[in-house]
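The values are calculated or read from the model by the stated rules, or taken from the named source; none is laboratory data. These numbers come from a predicted model, not from an experiment. Reconstructed Cβ throughout: ideal geometry from the backbone, glycine too, with neighbour counts over all protein chains shown. Surface accessibility is based on the protein's heavy atoms, side chains included, excluding ligands, DNA and RNA. Shrake-Rupley method; radii C 1.70, N 1.55, O 1.52, S 1.80 Å.
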Amino acid sequence: MSKTILVTGPDLDPSAAQLVADHGYKTVHTPPYADSAVISEYLQQTGAEGIVSRMGRLDAAVMDAAPQLKVISKHGVGVDNIDIQAAADRGIPVLVATGANAVSVAEHAIALLLSCAKRILPLDAGLRDGRWEKPGFAGREIAGSTMGLMGMGAIAQATGRMAKGLGLTLIGYDPYAPDSAFEELGVTRCDSFDELLAGSNVLSLHCPLTPQTRQILNAEAIARMPEGAFVVNTARGGLIDEPALLAAIQSGHLAGAGLDTFAVEPPEADHPFFAEPRIVLTPHIGGVTRQAGARVGVDAVRGIFQILDGETVAPERIINRKLLAAAQAEPAQMEK
Ligand SMILES: NC(=O)c1ccc[n+]([C@@H]2O[C@H](COP(=O)([O-])OP(=O)(O)OC[C@H]3O[C@@H](n4cnc5c(N)ncnc54)[C@H](O)[C@@H]3O)[C@@H](O)[C@H]2O)c1
Ligand SMILES: O=C(O)[C@H](O)COP(=O)(O)O
């Protein structure tokens, strides 16, 4: 047994790294954004039984390259970089650290919104450039606006709580969330995404990237939003048709956007968003705070050792638990 945990990307928080050492394991890191072939090589060379997944795609080929692999633990929440069906087919649980970075990401969503509404970045740049400019840069008061939450999970709820404190009214759309997720915060439940779009002066995206949600915010959807609305995306860039968003901002239909994620990361150096001052951009960093990094890292590592040690893991942390159960049931059904 190699006693190695492979981390696909940068260092873990020291508290998480210590937990690995305490178990008598070592961590090996792939370069950031390593592709599947490179990750496969690392798995083969290290014999790692567990992966902490940060960047890079974990597909069926990666899993087949590592028959010793017993568990994949996402350093965070979004598992769009992991083929969770392929993992289930191979009996590999995929764990998530839901909630561990929710407050940090929610704060980031609010920061992006306020930066857009108050034109912070162009004003700061102008001032540093020697310009004391006010005409044409009036900000927007956001109190009294309606924020639409797409998805009502951990980050949406934290964002909603903060937005409520700023005086926004909340509406939300999430076909899978229980009523309690809406009621506790006083969020009006929308029956459709279209209803959410039509009512949102600020649309904040908090659902996972799946085949159903890919490019869900396209030209048609944006056209349903009120004039002068803002879009905030701290979820995944693939939720948005980027050219359509840019066109809507350039035409004046939307007032601006605050984006922490891109369809392709890192984006090309000449990405058209860079030339649009009404878009505020950050490099997928919402969940990267010291506090969230410690919680997420420890959750991710602890989950790996729970699996390796045969301990019970909270079912909601195993994102592919239904797929695993189905994959396990299949051979028995075939015998019948
Ligand atoms: N920017 C960052 O650093 C960062 C950090 C953490 C998470 N994220 C992203 O944010 C997303 C949300 O994170 P979370 O912690 O709130 O996850 P979560 O699992 O707590 O909540 C996701 C919610 O989306 C809902 N949902 C699923 N499909 C939907 C659909 N088609 N329409 C509407 N709602 C749908 C689910 O029912 C769930 O309630 C993650 O999937 C991830 O992609 C980004
Ligand atoms: O889904 C998440 O939680 C984050 O987007 C991923 O965070 P990471 O950069 O730590 O993997």
> What lysines could a cross-link reach from residue 26, if we take a straight Cα to Cα line under 21 Å and drop same-chain neighbours fewer than 8 places away?
Replying inline: 3, 70, 74
> How large is ³J(HN,Hα), in whole Hz, for each residue of region 155-168 in order, when computed from phi with the Karplus curve 6.51 cos²θ - 1.76 cosθ + 1.60 and θ = phi - 60°, using x for Gly and Pro?
Replying inline: 6, 4, 5, 5, 5, x, 4, 5, 5, 4, x, 8, x, 8
> In bins 5 Å wide, starting from 0, what share of all Cα pairs of region 14-128 does each bin hold, as a percent?
Replying inline: 2, 10, 16, 18, 15, 11, 8, 7, 6, 5, 2, 0
>> What does the C-alpha gyration tensor say about the overall shape of region 173-234? Classify as rounded when a/c is under 1.5, otherwise prolate if a/b is larger than b/c, or oblate.
In response: oblate
> What is the sum of charges around residue 39, taking Lys and Arg as +1, Asp and Glu as -1, for the other residues whose C-beta is under 10 Å from the C-beta of residue 39?
Replying inline: -2
> What are the ³J(HN,Hα) values, in whole Hz, obtained from phi via the Karplus relation 6.51 cos²θ - 1.76 cosθ + 1.60 with θ = phi - 60°, for each residue of region 266-282 in sequence order, with x given for Gly and Pro?
Replying inline: x, x, 4, 4, 9, 4, x, 4, 5, 8, 10, x, 8, 10, 9, 10, 9
> With labels modelled as points extended 7 Å from the Cα through the Cβ direction, what inter-label distance (nm, one decimal) is found for residue 210 paired with residue 273?
Replying inline: 2.4 nm
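Using packing as a proxy for protection, rank 243-252, 123-132, 87-96, 198-207 so that the peptide with the highest average count of other Cβ atoms within 10 Å comes first.
Details: 243-252: 16.1, 123-132: 10.5, 87-96: 21.9, 198-207: 23.9.
Taking the mean over residues of other Cβ atoms within 10 Å, the ranking is 198-207, 87-96, 243-252, 123-132.
Report the semi-axes of the equivalent ellipsoid for the chain in whole Å, largest first, where each axis is √(5λ) for an eigenvalue λ of the Cα gyration tensor.
On the way: eigenvalues 287, 104, 67 Å².
In descending order the semi-axes read 38, 23, 18 Å.
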> In what sequence, highest mean first, do 231-239, 67-75, 189-197 appear when ranked by Cβ atoms within 10 angstrom?
Replying inline: 231-239, 67-75, 189-197
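Considering only protein heavy atoms and a probe of 1.4 Å, how much of the accessible area of region 102-281 is carbon and sulfur, as a whole percent? Let's see the in-between values first.
Numbers: 4530 of 8270 Å².
Carbon-and-sulfur percentage of accessible area, whole number: 55.
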> Using alpha carbons only, how many degrees (0 to 90, rounded to 10) separate the axis of helix 290-308 from the longest principal axis of the chain?
Replying inline: 30 degrees
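Using only helices, what value at 222 nm comes out for the chain when you add -39,500 (n - 2.57) per DSSP H run of length 4 or more and divide by the total residues, to the nearest 500 deg cm²/dmol? Mind showing how you got there, number by number?
Values: 13 runs with 128 residues, N = 336.
My calculation for the chain gives -11000 deg cm²/dmol from helical runs alone.
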> Residue-wise, which Karplus ³J(HN,Hα) couplings in Hz belong to region 238-248, taking 6.51 cos²θ - 1.76 cosθ + 1.60, θ = phi - 60°, and x for glycine or proline?
Replying inline: x, 6, 10, 7, 4, x, 5, 5, 4, 4, 5
> Can you list residues whose amide H is under 5 Å from residue 228's amide H, if they're 5+ apart or on another chain and H is modeled 1.01 Å from N?
Replying inline: 254, 255
>> Check which residues have an amide H placed less than 5 Å from residue 33's amide H, if you skip close sequence neighbours.
In response: 55, 56
>> Under the 0.36 nm per residue contour assumption, what length would be gained going from the current alpha-carbon distance of residue 124 and residue 166 to full extension?
In response: 12.8 nm
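Given a 1.4 angstrom probe, what's the average accessible area per residue across the chain, in square angstrom?
Per residue, the chain has an accessible area of 47 Å².
What Kirkwood hydrodynamic radius do you get for region 102-281 when you take the inverse of the mean 1/r over all pairs of distinct Cα atoms, in Å?
Values: mean 1/r = 0.0610 Å⁻¹.
This gives a value of 16.4 Å.
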> What is the helix-to-structure angle for 102-117, meaning the angle in degrees between its Cα long axis and the longest Cα principal axis of the chain, kept from 0 to 90 and rounded to the nearest 10?
Replying inline: 20 degrees
> Amide H to amide H, which residues 5 or more places from residue 82 or on other chains are under 5 Å from it, using H placed in the peptide plane?
Replying inline: 58
